[in-house]
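The values are calculated or read from the model by the stated rules, or taken from the named source; none is laboratory data. Computed from a predicted structure; not experimentally measured. Note that we place each Cβ from the backbone using ideal geometry, even for glycine, and neighbour counts take in every protein chain shown. Please note that ligands, DNA and RNA were not included when accessible areas were found on the heavy atoms of the full protein model with its side chains. Shrake-Rupley method; radii C 1.70, N 1.55, O 1.52, S 1.80 Å.
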Amino acid sequence: MSTSIVILGGGTGGTLTANRLRRLHRDDDVTITVVDQDDDHVYQPGLLFVPFGMTSVDDIVRPRSRQLHDGIEFVASAIDRVDLDADQVHLADGRMLPYDVLVIATGARLVPEETEGLTGPGWMDTVFTFYEPAGAAALARELAAFDGGRIVVNVVDLPIKCPVAPLEFCFLADWFFTERGIRDRVQITYATPLDGAFTKPSASEALGGLLADRGIEVVTEFNTGEVHGEGGRLVSWDEREVPFDLAVVIPLHGGAEYVGRSPGLGDAVDFVPTDEHTLRSKVAPNVFEIGDAATVPTSKAGSVTHFEGEPLVANIEHHLAGEPLEPTFDGHANCFIETGYHKALLIDFDYETEPVPGHYPGRIGLPLLKDSRLNHLGKLLFQSVYWHSLLPGRDLPGVGSAMPTAGKHLPTRSKEHAP
């Protein structure tokens, strides 16, 4: 009897999962179907570079269907709901897909309408976001014409996709206006709900120092309640105000809308409760998650999705064979953080280990917690790795799923407990 695996989402997680599974099931009776609402696969890390003219939207979008191996069916349709009791996915076009295994990889979506005034007067005029292609392209036109004033980069609340991207925007804006010769006429402010530059203390200290060196103001514990685009003001819940001439806002995030229409599937903001080590859902034994849709306690970042791929597919195979799942995912994440001037800083961490100095992935490798040209080149190179190795589901030599400890200056306790 045929086994049906349905994967919801044709982004990073859904694509690499489908391709890894297809390699394991070329010759047996397993069907793999990927569903997404459109055929546009966006290389999301590239959105950061669009506003500064370093790339264009056309250069970072490719057809989803072409990233899938032969033998994988791609269905272009919005999703209406998932029926967990019947093991069925109902599509918006009326079709129904039964499944034996369901993989949820529909990521996170922007919900700017949840913040008062954000999408009101001034939206895409004085208030922008670069977290989706149209906004990034519109912001590129605005920055090219900007000749001075106060730019505020604001994170409304966490979690968000790629939590270092707003910081990267600040660093690149500093470089951009320096290159244009008008940096002295531009004030850059970073307004964050956190009590520092980043969630991890060691990285927050390093990044906070870089922001100070670049003359970028940081407003901490700023929880945005209202946005006044025409008046040029952000107002926090405790009634503090940050004025702006141009606001770059990272809106609230939530899970995919169909999750909210699927009884028992998601939490209050439509993310799917997930076991942090096996990546199986907490709502049904034949439902798994990968990427930003999951509730695992680590960054919603492409690197996390990449590192989840191997243990996820292994546990799907265990499930199909009736075997116990292996709790092998350790929360491994790493991020290249662009700091401008052809440099970037790299951090690498997991559930238990903070970012530390050293090198990645071993004693000879890229420097950690230090900005360098080598890290910048690594970030630029990653786009090719993404299309040609990560999405096809290939293992990267020397870069495994588990966080490496070789080359890191780890505290004694972390060494004893590191995987």
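Filter segment 363-377 down to the residues that are under 11 Å from Lys408 (Cα atoms), open to solvent by 90 Å² or more (accessible area, probe 1.4 Å) and not β-branched (Val, Ile, Thr) and list them by number.
Selection gives Arg363 alone.
In segment 41-70, which residue that is among the small types (Gly, Ala, Ser) and out of contact with any Ser or Thr (no Cβ under 9 Å at 6 or more places or on another chain) is farthest from Arg26 (Cα to Cα)?
The initial filter retains those residues of segment 41-70 that are among the small types (Gly, Ala, Ser), namely 46, 53, 56, 65.
Applying the additional criterion that residues be out of contact with any Ser or Thr (no Cβ under 9 Å at 6 or more places or on another chain) yields 53, 56, 65.
Numbers: Gly53: 42, Ser56: 37, Ser65: 18 Å.
Among residues in segment 41-70 that are among the small types (Gly, Ala, Ser) and out of contact with any Ser or Thr (no Cβ under 9 Å at 6 or more places or on another chain), the one farthest from Arg26 (Cα to Cα) is Gly53.
Taking the condition among the hydrophobic types (A, V, I, L, M, F, W, C), surrounded by fewer than 16 Cβ atoms within 10 Å (Cβ to Cβ) and within 19 Å of the chain's Cα centre (by Cα), does Val304 pass? Write out each step before concluding.
Details: among the hydrophobic types (A, V, I, L, M, F, W, C): yes; surrounded by fewer than 16 Cβ atoms within 10 Å (Cβ to Cβ): no; within 19 Å of the chain's Cα centre (by Cα): yes.
So Val304 does not fit the description; no.
Search segment 149-177 for residues that are within 11 Å of Thr339 (Cα to Cα) and pair each with any residue that is acidic (Asp, Glu) when their beta-carbon atoms are under 8 Å apart and the residues are at least 6 apart or on different chains.
Close Cβ pairs (under 8 Å, with a partner that is acidic (Asp, Glu)) amount to Glu168/Glu338; Phe171/Glu338; Leu172/Glu338.
Would you be able to say whether some residue in segment 94-113 is farther than 30 Å from Ala247 by Cβ, assigned to a strand (DSSP E or B), open to solvent by 70 Å² or more (accessible area, probe 1.4 Å) and modelled with pLDDT of 95 or more?
The first filter runs over segment 94-113 and keeps only residues farther than 30 Å from Ala247 by Cβ, leaving 94-105.
Next, only the ones that are assigned to a strand (DSSP E or B) stay: 96-98, 101-104.
Now restrict to residues that are open to solvent by 70 Å² or more (accessible area, probe 1.4 Å): 96, 98.
Remaining after also requiring modelled with pLDDT of 95 or more: 96, 98.
Among the residues of segment 94-113, at least one is farther than 30 Å from Ala247 by Cβ, assigned to a strand (DSSP E or B), open to solvent by 70 Å² or more (accessible area, probe 1.4 Å) and modelled with pLDDT of 95 or more, which makes the answer yes.
Please pick out the residue among Glu116, Glu132, Glu142, Glu168 that is charged (D, E, K, R), crowded, with 23+ Cβ neighbours inside 10 Å and assigned by TED's automatic domain parsing to the domain that holds Ser202. Before you say what the answer is, go through the steps one by one.
Numbers: Glu116 fails: crowded, with 23+ Cβ neighbours inside 10 Å; Glu132 fails: crowded, with 23+ Cβ neighbours inside 10 Å; Glu142 fails: crowded, with 23+ Cβ neighbours inside 10 Å.
Step by step, each of Glu116, Glu132, Glu142, Glu168 is checked, and only Glu168 is charged (D, E, K, R), crowded, with 23+ Cβ neighbours inside 10 Å and assigned by TED's automatic domain parsing to the domain that holds Ser202.
Would you check if there is a residue in segment 336-354 being crowded, with 21+ Cβ neighbours inside 10 Å, in the same structural domain as Leu8 (by TED's automatic domain parsing) and among the charged types (D, E, K, R)?
Checked segment 336-354: no residue is crowded, with 21+ Cβ neighbours inside 10 Å, in the same structural domain as Leu8 (by TED's automatic domain parsing) and among the charged types (D, E, K, R).
Starting from segment 55-72, keep only residues that are on the phi > 0 side of the Ramachandran plot, then list their pairs with residues that are surrounded by 15 or more Cβ atoms within 10 Å (Cβ to Cβ) whose Cβ atoms are within a distance under 8 Å, requiring at least 6 positions of separation or different chains.
If the second residue must be surrounded by 15 or more Cβ atoms within 10 Å (Cβ to Cβ), the pairs left are Gly71/Arg22; Gly71/Ile32.
Only one of Arg394, Arg363 is modelled with pLDDT under 95 and farther than 30 Å from Gly10 by Cα; which? Walk me through it before giving the result.
On the way: Arg394 fails: farther than 30 Å from Gly10 by Cα.
Being modelled with pLDDT under 95 and farther than 30 Å from Gly10 by Cα holds for just one of Arg394, Arg363, which is Arg363.
In this structure, does Gly266 turn out to be without any contact (Cβ under 8 Å) to a residue 40 or more places away in the chain, small (Gly, Ala, Ser) and not assigned by TED's automatic domain parsing to the domain that holds Val82?
Working: without any contact (Cβ under 8 Å) to a residue 40 or more places away in the chain: yes; small (Gly, Ala, Ser): yes; not assigned by TED's automatic domain parsing to the domain that holds Val82: no.
Judged against the criteria, Gly266 is not a match.
Failed condition for Ala18, given (1) in contact with a helix residue (DSSP H, G or I) (Cβ under 8 Å, 6 or more places away or on another chain); (2) open to solvent by less than 70 Å² (accessible area, probe 1.4 Å), with all others met?
(1)
Give segment 236-292 a look and list any residue that's open to solvent by less than 20 Å² (accessible area, probe 1.4 Å), farther than 25 Å from Leu172 by Cβ and in a strand (DSSP E or B), or say none.
Listed by number, the residues that qualify are Ser236, Gly254, Gly255, Val272, Thr274, Ser281, Val287, Phe288, Glu289.
Please tell me if Thr220 is among the polar types (S, T, N, Q) and either in the same structural domain as Val296 (by TED's automatic domain parsing) or at pLDDT 95 or above (or both). Can you show your working first?
Numbers: among the polar types (S, T, N, Q): yes; either in the same structural domain as Val296 (by TED's automatic domain parsing) or at pLDDT 95 or above (or both): yes.
So Thr220 fits the description; yes.
Can you tell me which residue among Asp80, Asp125, Asp85 is assigned to a strand (DSSP E or B) and of a type in the set (Asp, Glu)?
On the way: Asp125 fails: assigned to a strand (DSSP E or B); Asp85 fails: assigned to a strand (DSSP E or B).
Sole residue among the options that is assigned to a strand (DSSP E or B) and of a type in the set (Asp, Glu): Asp80.
Matching residues to (1) closer than 29 Å to Trp237 by Cα; (2) among the hydroxyl-bearing types (Ser, Thr, Tyr):
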site: Asp70; (1), (2): no, no
site: Val75; (1), (2): no, no
site: Pro112; (1), (2): yes, no
site: Thr126; (1), (2): yes, yes
site: Thr129; (1), (2): yes, yes
site: Ala144; (1), (2): no, no
site: Asp147; (1), (2): no, no
